[in-house]
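The structure appears below as structure tokens.
The values are calculated or read from the model by the stated rules, or taken from the named source; none is laboratory data. Just so it is clear, the model here is predicted, and its values are computed rather than measured. Virtual Cβ from ideal backbone geometry, glycine too; neighbours counted across all protein chains shown.
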């Protein structure tokens, strides 16, 4: 007679083994109809799962995050089912859930076409309408290998063959289609209604370029029609905002085949870069950081001491000179420690804050590169704080407050806070982990931040806070972090003299606000769809004359604005004013100043703001005051 404890603390008794869906039915028919799966003592299971003993049970519906995961996982199988129905010779491989959807890899004799995707999606809808039950069975490993070999599914047979001998494997069937899977799945195909296939890409079997190239079909799936539609609209808007497209259109940067994974900044793009960097440099200066600069290349022996040579070497660019091996730095931390070690440090020197706009190189795989968001050469607003254990909390408070101001200035107000705690494999005592995690948590609480824990997601040497901003489309971007590290000071023998006259190890706090400047600028471009705020815009004002008669006055206006520090473009071309206005409007400039005979006679300017907004005629002083306020208030 199992006793079932529900999330609200209530207990239900059953005389025999009971399934998750039977428990849902006992609560109410509405819940039973909505049930997709369940959690039994923390484990996610099918709704048909039988419970034989006292357990804690929660019902999973489409409203839950777990429910959406089950929907997407099941839709991946529905995709494979449809492909096998339409193309029996195709072989299925793997089909996991990914962010916002799923994919499935297939081996097929020809490339899938856009027309194929339309046909597959249509067949998926037909299979959904049939509302076939999804059934789980268990089979012994060797029997399962034979089963899939007999079906001609050699990839599945290979996957199962890698499972230890003697173990059972779970299979899921819907209609005539059977697939290997741990589950859980929805009770029937009719629960899968709101999905769309997105694209086809190539993927090597098991990620090895020596293996066959498979076809990876991507899709998205949601709990409701409205959520699916919102996501598709967001993708359409994201495509318009793609920083790679805008980078070309606005002449900001380009990526060249002669140096893959690195950025060629054009004059306007470099102006934007400099505005971001100089702003962050002022942040350093005004908040107790001392800016430093370390070398690009460091000896192999240093990377061996830090552990990177053993654990990270495949991601490092290496070189050799005079029979010594070196690596381009993938991060700035060791260099900052070497600077800290120069001269004797006292507890009175702590906390000691170093900041560097340090260029780093990481040998990212070509397939992972993405515009300026994911590159091989990047610059970080990197900082390291050397402090005592007792100073961690106050440093977290100061850093969090600073980060919030920076994000607000750049136009980001929605921040997600996550605290990653001790992983299974770690160094250090439990007491030191307790103190470090407590200091980070209390630092966030003192800053008024609501946060979630990520158990086991900390680094092997210490816990960390991740700061994730949301952009105008609601997309999350993890940029900021602060991490507790007692390990690297130990490895590189860094010390300070304490109040007791003895030598002690400092705590090293790794911290970044915007992270990679390249990536952050890409985020900014997409956040504002290229229409950057006045203080960041590479060109803030364009002065346009209607005819040659206003050329001299237009030139004087441009000079006056430039002398006040504004970034001004002057267009005196012999073109129609409507043509010039349209051309510069497409460049998303904040202000256009149109000058005709009337403006010359009255020493004024006709102001047009971005978005084709006519602000009317005003004095140059009035316009100057307006743009000064825009810049000062980061509007």
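Side notes on the structure shown:
- Of the residues making up region 497-509, those that are in contact (Cβ under 8 Å) with a residue 40 or more places away in the chain and surrounded by fewer than 22 Cβ atoms within 10 Å (Cβ to Cβ) are 497, 498, 499, 504.
- For region 584-635, a residue qualifies if it is in contact (Cβ under 8 Å) with a residue 12 or more places away in the chain, surrounded by fewer than 14 Cβ atoms within 10 Å (Cβ to Cβ) and over 31 Å from the mean Cα position of the chain (by Cα), and the qualifying residues are 597, 598, 602, 603, 612, 619.
- Counted residues, region 245-279 - those being assigned to a helix (DSSP H, G or I), within 21 Å of the chain's Cα centre (by Cα) and under 16 Å from residue 516 (Cβ atoms): 3
- In the set (1) within 23 Å of the chain's Cα centre (by Cα); (2) assigned to a helix (DSSP H, G or I); (3) surrounded by fewer than 19 Cβ atoms within 10 Å (Cβ to Cβ); (4) in contact (Cβ under 8 Å) with a residue 12 or more places away in the chain, the condition left unmet by residue 444 is number (3).
- Just one of the numbered conditions (1) in contact (Cβ under 8 Å) with a residue 24 or more places away in the chain; (2) surrounded by fewer than 19 Cβ atoms within 10 Å (Cβ to Cβ); (3) touching a strand residue (DSSP E or B) at 6+ places or on another chain (Cβ under 9 Å); (4) in a helix (DSSP H, G or I) is not true of residue 569: (4).
- Note on region 168-203: among residues that are in a strand (DSSP E or B) and surrounded by fewer than 15 Cβ atoms within 10 Å (Cβ to Cβ), the one that is modelled with the lowest pLDDT is 168.
- For first residues located in region 94-107 and without any contact (Cβ under 8 Å) to a residue 40 or more places away in the chain, partners that are surrounded by fewer than 19 Cβ atoms within 10 Å (Cβ to Cβ) and lie 6+ apart or on another chain with Cβ distances below 7 Å form the pairs 97/69.
- Residue match in region 527-550 (condition: at pLDDT 95 or above, closer than 30 Å to residue 464 by Cβ and in a helix (DSSP H, G or I)): yes
- Counting the residues of region 363-395 that are within 23 Å of residue 280 (Cα to Cα), part of a loop (DSSP other than H, G, I, E, B) and touching a strand residue (DSSP E or B) at 6+ places or on another chain (Cβ under 8 Å) gives 3.
- All positions within region 280-324 that are part of a strand (DSSP E or B) and touching a helix residue (DSSP H, G or I) at 6+ places or on another chain (Cβ under 6 Å): 291
- Of 44, 68, all but one fail to be touching a residue at least 60 places away in the same chain (Cβ under 8 Å), surrounded by fewer than 21 Cβ atoms within 10 Å (Cβ to Cβ), assigned to a strand (DSSP E or B) and under 32 Å from the mean Cα position of the chain (by Cα); the exception is 44.
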